[in-house]
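The values are calculated or read from the model by the stated rules, or taken from the named source; none is laboratory data. Model, not experiment: these values are computed from the prediction. Cβ sites come from the backbone with ideal geometry, for glycine too, and all protein chains shown count toward neighbours.
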Amino acid sequence: MGKIPLLVIAGPTASGKTKLAIDVAQRLHGEIVSADSMQIYKGMDIATAKPTQKELAAVPHHLVGVLEPDTPCSVALYAQLAHAAIADIRNRGKLPVLCGGTGLYIQAVADNLQFAEETRDPAVREALYAQADAEGAQTLLDELFDIDPETAQRLHVGNLGRIVRALELYKTTGIRMSEQLRNSTAVPSPYDVCMLALDYTERAALYDRIDRRVDIMLEDGLVREAELVLTAGEMPTAGQAIGYKELAPFFRGEKPFSECVADLKRETRRYAKRQLTWLRRDKRVQWLYPDRFASYEELLDYVISICFKKSQ
RNA sequence: GCCUCUGUAGCUCAGUUGGUAGAGCAGUGGACUGAAAAUCCACGUGUCGGUGGUUCGACUCCGCCCGGAGGCA
């Protein structure tokens, strides 16, 4: 019994993943599984740069626009949905193509990370945050040192979210975060992974693409979409999307529109940089630089030649 | 043409009585296991416009030249 071939197309935002994945999938009888923490939500089409209707029709897509924006998402939930989608694609004899920019989600699927049933408890979280508020984050970090020094050592006091999560995990399940990390990789991945990622030789080239894409989003009606989303109410995960919160000061009359747009572009650039940092540490990644190919077709041919080699 | 102000990090600017320079922003690198488009950490050498001079020593004082801004004719 061989492993399931899994093609991964990653890369920072605006690098051209969507188009490449579709073209590759069409040639290899593939179907696309999105690995994007925001495209998984309904609506929010413009800001998350979802594939167009035409693109969605060209190749079957999974996990695009399947959750209500007010539902929280998590790596664990995503991984569960993605594994199911891949199994389904495999059963129909097609090649699963995981495409997206959320590094943690990609890793969770590719490495088959294991997550316990339920390890969260809102009440515990709230209590921990309240404690941090009253006594300071250092108190929580000290507490974590007593139960899980290995994890406490690598966490910085400033990163309260991680400290709280580590304590929450222990208080609700008795599992230490350091144990969870080891447990998560206990089951070998069922996938034969071919991991590709897009980047550009010059960082400035990627940043130009980002700036241009934000301008296009504005032409396509980002402002109207932002107004809708910002007045829609609480959205635990979806509310973090870049594209809305940056325009909020404009709607409140606190900042000129042009400044908000500049902020939006800057936040997108920083996001792209973080994505690259994440991908760089994965040694499986085979980097693709579109600017080093004479044409897009040559890039596509090259990608397909690699895939065939991997999936045989 | 004359007078005044000005030229320091990619940008905006500090720089105290002369001892070869520092902030914010931008940017860069890194971390990352249940909110990850989030969260967090680290990183500031640049012909101090050019060139002569005074001085043990000049971003700092003086001369000239080149750029900017304003004023008077």
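Does A:ASP211 satisfy being under 28 Å from A:LYS17 (Cα atoms), out of contact with any helix residue (DSSP H, G or I) (no Cβ under 8 Å at 6 or more places or on another chain) and not small (Gly, Ala, Ser)? Break it down stepwise before answering.
Values: under 28 Å from A:LYS17 (Cα atoms): yes; out of contact with any helix residue (DSSP H, G or I) (no Cβ under 8 Å at 6 or more places or on another chain): no; not small (Gly, Ala, Ser): yes.
Against the criterion (under 28 Å from A:LYS17 (Cα atoms), out of contact with any helix residue (DSSP H, G or I) (no Cβ under 8 Å at 6 or more places or on another chain) and not small (Gly, Ala, Ser)), A:ASP211 does not qualify.
Starting from the range A:153-165, keep only residues that are under 17 Å from A:THR119 (Cβ atoms) and of a type outside the set (Ser, Thr, Tyr), then list their pairs with residues that are part of a helix (DSSP H, G or I) and more than 8 Å from RNA strand B (Cβ to nearest atom) whose Cβ atoms are within a distance under 7 Å, requiring at least 6 positions of separation or different chains.
If the second residue must be part of a helix (DSSP H, G or I) and more than 8 Å from RNA strand B (Cβ to nearest atom), the pairs left are A:ILE163/A:ALA137; A:ILE163/A:LEU140; A:ILE163/A:LEU141; A:ILE163/A:LEU144; A:VAL164/A:LEU128; A:VAL164/A:LEU140.
Please go through the range A:176-195 and pick out each residue that is of a type in the set (A, V, I, L, M, F, W, C), crowded, with 16+ Cβ neighbours inside 10 Å and within 12 Å of RNA strand B (Cβ to nearest atom).
Taking the range A:176-195 as the starting set, the residues that turn out to be of a type in the set (A, V, I, L, M, F, W, C) are A:177, A:181, A:186-187, A:193-195.
Among the residues that remain, those that are also crowded, with 16+ Cβ neighbours inside 10 Å are: A:177, A:193-195.
Correct list: A:MET177 only.
Of the residues that make up the range A:269-281, is at least one part of a loop (DSSP other than H, G, I, E, B) and either free of Cβ contacts under 8 Å to residues at least 60 places away in the same chain or under 22 Å from the mean Cα position of the chain (by Cα) (or both)?
First pass over the range A:269-281, keeping only residues part of a loop (DSSP other than H, G, I, E, B): A:281.
Filter again for either free of Cβ contacts under 8 Å to residues at least 60 places away in the same chain or under 22 Å from the mean Cα position of the chain (by Cα) (or both), leaving A:281.
Yes, there is a match, as at least one residue in the range A:269-281 is part of a loop (DSSP other than H, G, I, E, B) and either free of Cβ contacts under 8 Å to residues at least 60 places away in the same chain or under 22 Å from the mean Cα position of the chain (by Cα) (or both).
Here are A:GLN131, A:GLN138: which of them is more than 10 Å from RNA strand B (Cβ to nearest atom), exposed (fewer than 15 other Cβ atoms within 10 Å of the Cβ) and not hydroxyl-bearing (Ser, Thr, Tyr)? I'd like the intermediate steps shown before the answer.
Values: A:GLN131 fails: exposed (fewer than 15 other Cβ atoms within 10 Å of the Cβ).
So the residue among A:GLN131, A:GLN138 that is more than 10 Å from RNA strand B (Cβ to nearest atom), exposed (fewer than 15 other Cβ atoms within 10 Å of the Cβ) and not hydroxyl-bearing (Ser, Thr, Tyr) is A:GLN138.
Mind checking which residues of the range A:256-312 are surrounded by 15 or more Cβ atoms within 10 Å (Cβ to Cβ), modelled with pLDDT of 95 or more and of a type in the set (S, T, N, Q)?
Passing the criteria: A:THR268, A:GLN275.
Do we have A:LEU128 as at pLDDT 95 or above and under 15 Å from the mean Cα position of the chain (by Cα) here?
On the way: at pLDDT 95 or above: yes; under 15 Å from the mean Cα position of the chain (by Cα): no.
Answer is no for this residue.
Between A:THR119, A:THR151, A:THR139, which is within 25 Å of the chain's Cα centre (by Cα), modelled with pLDDT of 95 or more and of a type outside the set (A, V, I, L, M)? Let's see the steps before the verdict.
Numbers: A:THR119 fails: modelled with pLDDT of 95 or more; A:THR139 fails: within 25 Å of the chain's Cα centre (by Cα).
Being within 25 Å of the chain's Cα centre (by Cα), modelled with pLDDT of 95 or more and of a type outside the set (A, V, I, L, M) holds for just one of A:THR119, A:THR151, A:THR139, which is A:THR151.
Considering only the range A:1-107, give the helices (runs of 4 or more DSSP H) lying wholly within it that have at least 2 residues that are hydrophobic (A, V, I, L, M, F, W, C) and within 13 Å of the chain's Cα centre (by Cα). Spell out how you get there, then give the answer.
Working: elements: A:17-28, A:53-58, A:75-91.
Of the helices (runs of 4 or more DSSP H) lying wholly inside the range A:1-107, those with at least 2 residues that are hydrophobic (A, V, I, L, M, F, W, C) and within 13 Å of the chain's Cα centre (by Cα) span A:75-91.
Which residues, counting only those in the range A:209-245, are within 11 Å of RNA strand B (Cβ to nearest atom), surrounded by fewer than 12 Cβ atoms within 10 Å (Cβ to Cβ) and of a type in the set (D, E, K, R)?
A:GLU234
Only one residue in A:GLY65, A:GLY30, A:GLY2 is more than 28 Å from A:ALA204 (Cβ to Cβ) and modelled with pLDDT under 95. Which one? Outline the logic, then answer.
Values: A:GLY65 fails: modelled with pLDDT under 95; A:GLY30 fails: modelled with pLDDT under 95.
That would be A:GLY2, the only listed residue that is more than 28 Å from A:ALA204 (Cβ to Cβ) and modelled with pLDDT under 95.
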